[in-house]
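Engineer: First the structure, then my questions, so here it is.
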Amino acid sequence: MGLQIPALNEQDSSGNAQVAESVFGQSFNETLVHQLVTRYLAGARAGTKAQKTRSDVSGGGSKPWRQKGTGRARSGTIRSPIWRTGGVAFAARPRSYDQKLNKKMFRVGVRSILSELLRQNRLVVSTDILPVSVKTKELNEKLKKIDAKRILIVVESVDANLALASRNIPYVQVIEAVNLNPVLLVSADKVIATPGALKQLEERLA
């Protein structure tokens, strides 16, 4: 059994694409998709923030004043967190925000997103969308006919024409099928894939 992914328009030379139902006909798993997207967003965080505790701040080796008899509160170091220029009480340390997600969960999650995009008519196939020159104007004229703001173009390989023509168009992203990630998929209003890219996705997610 197979499913039909519609062409971008009736004039598109690619026509409808036949795809496997096992990849593009899966039920939507909202919990898994949320976990998948959260994992990708967390992995993009740098985690390089660092602050100094009282032991990291220079100075403060001697007691500021004697323990008793001054009328002031007792203090052991001028680098205490309650002092100006002192250390931070709960200092941030470099850390990794990566979350574990096995390959099977990834494949199921991406299949779930692609299937939902197809059900919502947000996934189409096209070859005519690819520009024949590096002119941004040519690609922009084609995209203006699409009723969507955020457009994701998925190809089997990015050539120079597509890379140069698309880089200055707002809300348009181009990605190779092997590098496709769930964050780009869920944020796109319309996903336009080439037949070759769909074939690669089938092989990768089967």
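The values are calculated or read from the model by the stated rules, or taken from the named source; none is laboratory data. All of these numbers come straight from a predicted model, not from anything done at the bench. All Cβ positions, glycine included, derive from the backbone under ideal geometry; neighbour counts span all protein chains shown.
Engineer: Within the range 92-113, can one find any residue that is among the basic types (Lys, Arg), surrounded by 17 or more Cβ atoms within 10 Å (Cβ to Cβ) and assigned to a loop (DSSP other than H, G, I, E, B)?
Structural biologist: For the range 92-113, residues among the basic types (Lys, Arg), surrounded by 17 or more Cβ atoms within 10 Å (Cβ to Cβ) and assigned to a loop (DSSP other than H, G, I, E, B): absent.
Engineer: How many residues are touching a strand residue (DSSP E or B) at 6+ places or on another chain (Cβ under 8 Å), part of a loop (DSSP other than H, G, I, E, B) and either modelled with pLDDT of 95 or more or among the hydrophobic types (A, V, I, L, M, F, W, C) (or both) if we restrict to the range 1-50?
Structural biologist: So the answer is 1.
Engineer: Still on this model: Out of the residues in the range 114-170 that are in contact with a strand residue (DSSP E or B) (Cβ under 7 Å, 6 or more places away or on another chain) and among the hydroxyl-bearing types (Ser, Thr, Tyr), which is farthest from ALA193 (Cα to Cα)?
Structural biologist: The extreme case among them is SER166.
Conditions (1) in the same structural domain as GLN26 (by TED's automatic domain parsing); (2) within 28 Å of ARG39 (Cβ to Cβ); (3) modelled with pLDDT under 95, marked per residue:
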{"site": "LEU130", "(1), (2), (3)": "yes, no, yes"}
{"site": "LYS135", "(1), (2), (3)": "yes, no, yes"}
{"site": "GLU141", "(1), (2), (3)": "yes, no, yes"}
{"site": "LYS145", "(1), (2), (3)": "yes, no, yes"}
{"site": "LYS149", "(1), (2), (3)": "yes, yes, yes"}
{"site": "ILE153", "(1), (2), (3)": "yes, yes, no"}
{"site": "ASN161", "(1), (2), (3)": "yes, no, yes"}
{"site": "ALA188", "(1), (2), (3)": "yes, yes, no"}
{"site": "ILE192", "(1), (2), (3)": "yes, yes, no"}
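Engineer: Taking the range 130-144 as the region of interest, how many residues are farther than 14 Å from TYR171 by Cα, among the basic types (Lys, Arg) and surrounded by fewer than 15 Cβ atoms within 10 Å (Cβ to Cβ)?
Structural biologist: Result for the range 130-144: 2.
Engineer: Only one residue in THR48, THR77 is within 30 Å of TYR97 (Cα to Cα) and hydroxyl-bearing (Ser, Thr, Tyr). Which one?
Structural biologist: Selected residue: THR48, the only one of THR48, THR77 that is within 30 Å of TYR97 (Cα to Cα) and hydroxyl-bearing (Ser, Thr, Tyr).
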